[in-house]
Amino acid sequence: MNGHGETTKIYIEKYLKDFGKQSTVYNAVVEAITNSIDAIEARRKSDNRFDGEIHIYITRNNQLNLGDGTCPDIDKIEISDNGIGFTEENRNSFNTLYSPQKQNNGGKGLGRMFYIKYFREVTVESTFSDKDSLKSRFFRFGRKYDIVENERIEISDGNMPVGSKITLLGYCGPIKHFNDSTESFAHRILEKILNYFVVDNFVCPRIVVYDDEHEIVLNDQIGDGAESKISLVDTGFVNVQNTKDKENFGFKAFKLRKVYSQVSRIMLTANNKVVTEAKLEDYIPEFAEDFEEEIDGKQQKYVLRYYVYGEYLDKNVNNERTDFYFDNSPNLEFPIGKKDIEESIALEAKKKMQNTIVTRFQNKKKAFKDYAERNIWYRNYLDKVNFESIKINPSEEEIEAELHKVKYEVDSNRRDQAENILNKLDIKGENLVQKMSDLSKELNETDESNLIQYMIFRKVALKLFEKAMQWNDLEKYEKEKLLHDIIFPTRKDSEEIPNEQHNLWLIDESLNFTQYLSSDKKRFTESDDRPDIAAFHYPVSYRDGESSSCPITIFEFKRPGRTDFIGQSDEGDPVEQIVRYVLQFKDGKLKQPNGFDINVSQTTPFYGYIIASANNDVKKWLVYEKNMTVMPDGEGWFLDRDKINLRIEFVTWEKLLKDAKIRHKVFFDKLGLKV
């Protein structure tokens, strides 16, 4: 080992499998750059007028550019500096894991492991001053037991100036391609070392990135001018307190004009190096979008970066400098967690961008309010929404999902409270009375919301029903099945269609409370005397209870505009059809869904409804041939068949729609429905 002491004996490649799991290839690049900065700073101690420089050369594979906007893969990176070089002291430190040499700067001696984690071959060339002569040192990084391999030292021929060059060759990281553009490469580095450019009483070396014909000076990216990509916009301190413990953290806020896909972030640092990152939008959703400013008459986008530093961070960073020993939440060992720090910084960022944040927040609330105006059963729940946690510019689907969740949670909580109070009704006291009063108001809001939602469905059904009654584009009425399905789907019964999903309320509200409904179900009757689907003769029959005194109602629907049932035989006469179905009930030819007989007696009342159109011929037929009595509005007729306890009503489609609208008007007006 050339007399340089014992080498740390670990199998390096195996060690690398668990090393730096949260790292990226930029950890290796930044490690080399910060080592160069340290070397330059060490040389500057003996010459404070010395101007340090770091040059980064990118070499890409010779693959063809596919023209899809992607760049060829980066294969080699050379980082050279004019620092103090690999002196004997620096070299010995390099071959020792957990080296103490840079402890004062937060160094752990492990950063160099990122080189061989992400590159197949790593070599170092360095010229340094050794007493009164210049020497050059060459070595490569080992991947087995020795970190330093194939080392040789020569007397310098003077062609290579004092400094060092590290070559990272053959990218081998877990992500398949390392093909960032020059601009992206430069900015990713700059984001990691940004603190070096604004440290008090420190002059950062000139750092230049070269990539073929591209050249980017990182120092020129920072400043207050219009051409600057990055500028310092705020500095300060925050006190983070948890229980008895309190820590001070400093922050520097930078404005980054967009060069590639970026978001506003909080960067926790240790010894000027970024360790962890968090999106500001995770704490303040309004930071999810870029900000804008006018420069030279043009709108330019930018994001913010908050770099946080402090003793608590410096002393609790892990060996790889990829995370901290403390978790997101505090515990007994670490009383302050990452979230405590990030939340405090997020509040500072919110103050900085107060005007924009307030505008975005109000726009978000307005989107919810506008949606609730169109879906007004949600309007009493708007004040229960936690807008602070909702993303900006939510879609209607996201608004609906959030309001539905809030409504469910609020209604469930109210029901639980009501149940709790009901269980305590025997307890006397003003507190219980007040709770009952408060809860009653809240339950009224829930009831109103549910009623509004139900009434909107009814209003839509009325509009659909009215449309179905009108001529289509061919000046013909729609087929009978469409109207019938709106009222109650054909070939279904109430075991398949619950009350809230049919629209028999169009005819009579009491039909919502029936025990059983059947629409042209063969299981309801095995008789061949069933309405024909093509003729649109679909009966709907129901029974309110098991008692023989409960009524049975039968409906016959005739297509709007159809009047050819006048003068038909008993089989096609809707009045006689109703009579015939009543007799089938009385004769026991119709069954319950379970196959049992329907309990019908001589006293069972029957109601029959015929819904059809009525021209003058139909009106005369109803009065003079069917002996029906006209109703006061002239759009309905009725007949009593006392011998079989049957009352038949003939109602026009127009009357059915008009009466339903009249019944609902007061509800729509009271609820302010404007659908």
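Looking at region 648-655, can you tell me whether even one residue there is of a type outside the set (Asp, Glu), surrounded by fewer than 17 Cβ atoms within 10 Å (Cβ to Cβ) and in contact with a helix residue (DSSP H, G or I) (Cβ under 9 Å, 6 or more places away or on another chain)?
Taking region 648-655 first, the residues of a type outside the set (Asp, Glu) are 648, 650-653, 655.
Next cut, surrounded by fewer than 17 Cβ atoms within 10 Å (Cβ to Cβ) only: none.
No: zero hits.
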Lone qualifier among Val540, Val575, Val600 - being modelled with pLDDT of 65 or more, surrounded by 12 or more Cβ atoms within 10 Å (Cβ to Cβ), in contact with a helix residue (DSSP H, G or I) (Cβ under 8 Å, 6 or more places away or on another chain) and of a type in the set (A, V, I, L, M) = Val600
Counting only residues in region 327-369 that are outside the structural domain of Asp314 (by TED's automatic domain parsing), touching a Phe, Trp or Tyr at 6+ places or on another chain (Cβ under 8 Å) and among the basic types (Lys, Arg), the one surrounded by the most Cβ atoms within 10 Å (Cβ to Cβ) is identified as Lys364
Pair list, Cβ < 7 Å and 6+ apart or interchain, from region 647-662 residues that are closer than 22 Å to Ile552 by Cβ to residues that are part of a helix (DSSP H, G or I) and of a type outside the set (S, T, N, Q) | Ile648/Val575; Ile648/Ile578; Phe650/Leu622; Leu656/Leu506
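At negative phi and surrounded by fewer than 15 Cβ atoms within 10 Å (Cβ to Cβ): does that describe Glu227? Full working, then the answer.
On the way: at negative phi: yes; surrounded by fewer than 15 Cβ atoms within 10 Å (Cβ to Cβ): yes.
Taking the combined requirement at face value, the residue satisfies it.
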Is it true that some residue in region 235-248 is in a strand (DSSP E or B), modelled with pLDDT under 95 and within 25 Å of Asp38 (Cβ to Cβ)?
-> yes
Filter result for Lys144 (at pLDDT below 90 and closer than 17 Å to Asp75 by Cβ) | no
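Check Val582, Val600, Val623 and return the single one that is more than 25 Å from Phe465 (Cβ to Cβ), among the hydrophobic types (A, V, I, L, M, F, W, C) and part of a loop (DSSP other than H, G, I, E, B). Walk me through how you get there before you give the answer.
On the way: Val582 fails: part of a loop (DSSP other than H, G, I, E, B); Val623 fails: part of a loop (DSSP other than H, G, I, E, B).
One residue alone meets the criteria, Val600.
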Check region 109-124 and report whether any residue there is in contact (Cβ under 8 Å) with a residue 24 or more places away in the chain, in contact with a His (Cβ under 9 Å, 6 or more places away or on another chain) and not in a loop (DSSP other than H, G, I, E, B).
-> no
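Would you mention how many residues in region 163-177 are outside any strand (DSSP E or B) and either hydrophobic (A, V, I, L, M, F, W, C) or closer than 15 Å to Thr59 by Cα (or both)? Spell out the reasoning first.
Taking region 163-177 as the starting set, the residues that turn out to be outside any strand (DSSP E or B) are 172-177.
Right, trim to either hydrophobic (A, V, I, L, M, F, W, C) or closer than 15 Å to Thr59 by Cα (or both) and you get 172, 175, 177.
Result for region 163-177: 3.
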Options Ile189, Ile193, Ile216: the member that is buried (at least 17 other Cβ atoms within 10 Å of the Cβ), without any contact (Cβ under 8 Å) to a residue 60 or more places away in the chain and on the phi < 0 side of the Ramachandran plot | Ile216
Go through Glu348, Glu342 for me and flag whichever is farther than 27 Å from Glu31 by Cα, modelled with pLDDT of 95 or more and not in a loop (DSSP other than H, G, I, E, B).
-> Glu348
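Looking for something over 30 Å from Gly83 (Cβ atoms) and not assigned by TED's automatic domain parsing to the domain that holds Asp38 - is there at least one such residue anywhere in region 265-275?
Taking region 265-275 and keeping what is over 30 Å from Gly83 (Cβ atoms), we get 265-266.
Remaining after also requiring not assigned by TED's automatic domain parsing to the domain that holds Asp38: 265-266.
Yes, region 265-275 contains a residue that is over 30 Å from Gly83 (Cβ atoms) and not assigned by TED's automatic domain parsing to the domain that holds Asp38.
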Residue pairs within 6 Å by beta carbon, gap of at least six or interchain, first lying in region 143-157 and without any contact (Cβ under 8 Å) to a residue 40 or more places away in the chain and outside any strand (DSSP E or B), second buried (at least 17 other Cβ atoms within 10 Å of the Cβ) and of a type in the set (Gly, Ala, Ser), listed first then second, are Ser156/Ser136
Quick one: is Ala372 surrounded by 15 or more Cβ atoms within 10 Å (Cβ to Cβ), free of Cβ contacts under 8 Å to residues at least 40 places away in the same chain and not assigned by TED's automatic domain parsing to the domain that holds Val275?
-> yes
Answer from Ala418, Ala401 - the residue that is at pLDDT below 95, small (Gly, Ala, Ser) and exposed (fewer than 15 other Cβ atoms within 10 Å of the Cβ) | Ala401
Quick one: which of Leu622, Leu639 is on the phi < 0 side of the Ramachandran plot, outside the structural domain of Glu373 (by TED's automatic domain parsing) and touching a residue at least 60 places away in the same chain (Cβ under 8 Å)?
-> Leu639
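The values are calculated or read from the model by the stated rules, or taken from the named source; none is laboratory data. Just so it is clear, the model here is predicted, and its values are computed rather than measured. Cβ sites come from the backbone with ideal geometry, for glycine too, and all protein chains shown count toward neighbours.
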